[in-house]
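A.B. asks: My structure is below; once you've seen it, I'll send some questions.
The values are calculated or read from the model by the stated rules, or taken from the named source; none is laboratory data. The model shown is predicted, which means the values in this text are computed figures rather than measured ones. Positions of Cβ are backbone-derived with ideal geometry, glycine not excepted, and every protein chain shown enters the neighbour counts. Protein only, heavy atoms only, side chains kept; ligands, DNA and RNA dropped before computing areas. Shrake-Rupley method; radii C 1.70, N 1.55, O 1.52, S 1.80 Å.
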Amino acid sequence: MARLEVNRSGELEVFVRVVELGGFSAAARVCGMTPSAVSKLVSRLEERLGARLLNRSTRQLQLTAEGCGLYERGMRVLAALDEAERCASVQDVPRGKIRVNANVPFGQHFLLPLAPLFLERYPQVTLDIVLTDAVVDILEQRTDVAVRAGPLKSSSLLARKLGQTRMVIVASPGYLARRGTPLLAADLASHNLLDANYARARSGWPLRLPEGDVVVPVTGNAQASDGEALRQLALAGLGLARLAAFQVRGDIAAGRLQAVLEAFNPGDSEDVHAVFVGQGGHVPLRVRALLDFLAENVDLD
């Protein structure tokens, strides 16, 4: 009976989180524990199993052969346990809080407008939404799903592609009436080009000319921290902005903005992914519901 007094599934989940996150402190934040409590739990687990699972140093943790075996089997056990509980539940429905982090343009044009429909479909779910163009550490911030545009860095996170969007240079009709419509790449030198100041923004605007591709330096009297702020500056008639097509398609259709230099558009695009934690297939039902919903309802192309 002594074995039943030990919360083996809880210990296993903490151990798996230590391995996935690379340390006791990161695992403690995710599990709602202190680093010392996580360290003691792993030590008790090693003592009970009679095997060292982790080699500890001041800078990193390294799995032993026994630890590697426990980690691989542990992921499968946790996934199976989650599936068993889901199947046994009388009310097999998504429930609980989902922490979502998204860049501002995606949040403004998709996530916020779609939130009421998602919550109507899943009334036992609550959304905790943060919009920022800064790339956050979703493990440290305890985020369930992060929507990211552009190339993904190699990591232990999983990703689901939501689509891709091309880029377009736009300006308001009022601005173009005052300053003239640029017809050639060289014309941009006499225009006010609005730039992004967030870390992942690329340097310069690429254009495709008959003699080859060029990158035009962005020179203007205003910068902004996210694409939606740049859109508002363009709508206000301050200058030209290069934005994701999904951001401005409504403005272009309504005549609030006008695309320029489309003949020189290189056709580059950004992939948009929903990034989440889910090693070993262990993805909570509420998170799977949101991922499926976004894939079903987001039209970026």
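A.B. asks: Distances over 35 Å make up what percent of all Cα-Cα pairs in the chain?
C.D. replies: Cα-Cα pairs of the chain separated by over 35 Å account for 37 percent.
A.B. asks: Along the charge dipole of the chain, Cβ charges K/R +1 and D/E -1, which of Pro113, Leu127, Pro151 sits furthest on the positive end?
C.D. replies: Of the options given, the answer is Leu127.
A.B. asks: I would also like to ask the following. Using a 1.4 angstrom probe, figure out how much accessible area the chain has per residue, in square angstrom, rounded to the nearest whole.
C.D. replies: Result: 52 Å² of accessible area for each residue.
A.B. asks: With θ set to phi - 60°, apply the Karplus curve 6.51 cos²θ - 1.76 cosθ + 1.60 along the range 65-80 and write out the HN-Hα couplings as whole Hz, x wherever there is a Gly or Pro.
C.D. replies: 4, 5, x, 4, x, 5, 4, 5, 6, x, 4, 5, 5, 5, 5, 5
A.B. asks: Can I ask one more? Pop out the carbon and sulfur fraction of the accessible area of the chain as a percent, whole number, probe 1.4 Å.
C.D. replies: In the chain, the share of accessible area belonging to carbon and sulfur is 52 percent.
A.B. asks: Which length gain, in nm to one decimal place, applies between Ala84 and Ala185 when the Cα-Cα distance is subtracted from 0.36 nm times their residue separation?
C.D. replies: Full extension of this stretch gives 30.3 nm more.
A.B. asks: Just in the range 17-61: which GluC sites (Glu not before Pro) are loop by DSSP and have at most 11 other Cβ atoms within 10 Å? Mind dumping the intermediate values first?
C.D. replies: Values: sites: Glu20, Glu46, Glu47; in loops: none.
Those that pass, being in a loop and sparsely packed, number zero.
A.B. asks: Mind checking the dipole of the chain: about its Cα centre, +1 per Lys or Arg Cβ, -1 per Asp or Glu Cβ, Debye to the nearest 20?
C.D. replies: Numbers: 34 positive and 33 negative charges, 126 e Å.
Dipole about the Cα centre, nearest 20: 600 debye.
A.B. asks: Considering Cα pairs under 8 angstrom that are at least six residues apart, work out the relative contact order of the chain and quote it in whole percent.
C.D. replies: Rounded, it is 23 percent for the chain.
A.B. asks: Still on this structure, please answer the following. How big is the range 143-188 along each principal axis, measuring the range of its Cα positions in Å and listing the largest first?
C.D. replies: Result for the range 143-188: principal-axis Cα extents of 50, 21, 16 Å.
A.B. asks: Charges at C-beta only: +1 for Lys and Arg, -1 for Asp and Glu. How large is the resulting dipole of the range 148-301 about its Cα centre, in Debye rounded to 20?
C.D. replies: Computed charge dipole of the range 148-301: roughly 320 debye.
A.B. asks: Another question, if that's okay. If you stretched the chain out fully between Arg160 and Arg256, how much longer would it get, using 0.36 nm times the residue separation minus the C-alpha to C-alpha distance?
C.D. replies: Contour length minus Cα-Cα distance gives 31.3 nm.
A.B. asks: Still on this model: Give me the extension gain from Gln60 to Asp292: residue separation times 0.36 nm, minus the current Cα-Cα distance, reported in nm with one decimal.
C.D. replies: 79.9 nm
A.B. asks: If I model a spin label at Thr132 and Lys97 as a point 7 Å from the Cα along the Cα→Cβ vector, what separation in nanometres do I get?
C.D. replies: Label at Thr132, label at Lys97, 1.6 nm between them.
A.B. asks: If you place +1 on the Cβ of every Lys and Arg and -1 on the Cβ of every Asp and Glu, how big does the dipole about the Cα centre of the range 174-227 come out, in debye to the nearest 20?
C.D. replies: 120 debye
A.B. asks: Amide H neighbours of Gly163 under 5 Å, counting only residues 5+ apart in sequence or on other chains, H built in-plane at 1.01 Å?
C.D. replies: Val272
A.B. asks: A follow-up question, please. For the range 164-301, what is one quarter of the convex hull surface built on the Cα atoms, given in nm²?
C.D. replies: So the mean shadow area of the Cα hull is 10.3 nm².
A.B. asks: Remind me, what semi-axes does the range 96-252 give for its equivalent ellipsoid, largest first in whole Å, using sqrt of 5 times each Cα gyration tensor eigenvalue?
C.D. replies: Equivalent ellipsoid semi-axes, largest first: 34, 18, 13 Å.
A.B. asks: Further, regarding this structure: Return the ratio Rg/(2.2 N^0.38 Å) for the range 46-181, where Rg is computed over Cα atoms only.
C.D. replies: Relative to the 2.2 N^0.38 Å estimate, the range 46-181 comes out at 1.58.
A.B. asks: Then there's this: Positive end of the charge dipole of the chain (Lys, Arg +1 and Asp, Glu -1 on Cβ, about the Cα centre): tell me which of Thr219, Thr165, Gly278 has its Cα farthest that way.
C.D. replies: Gly278
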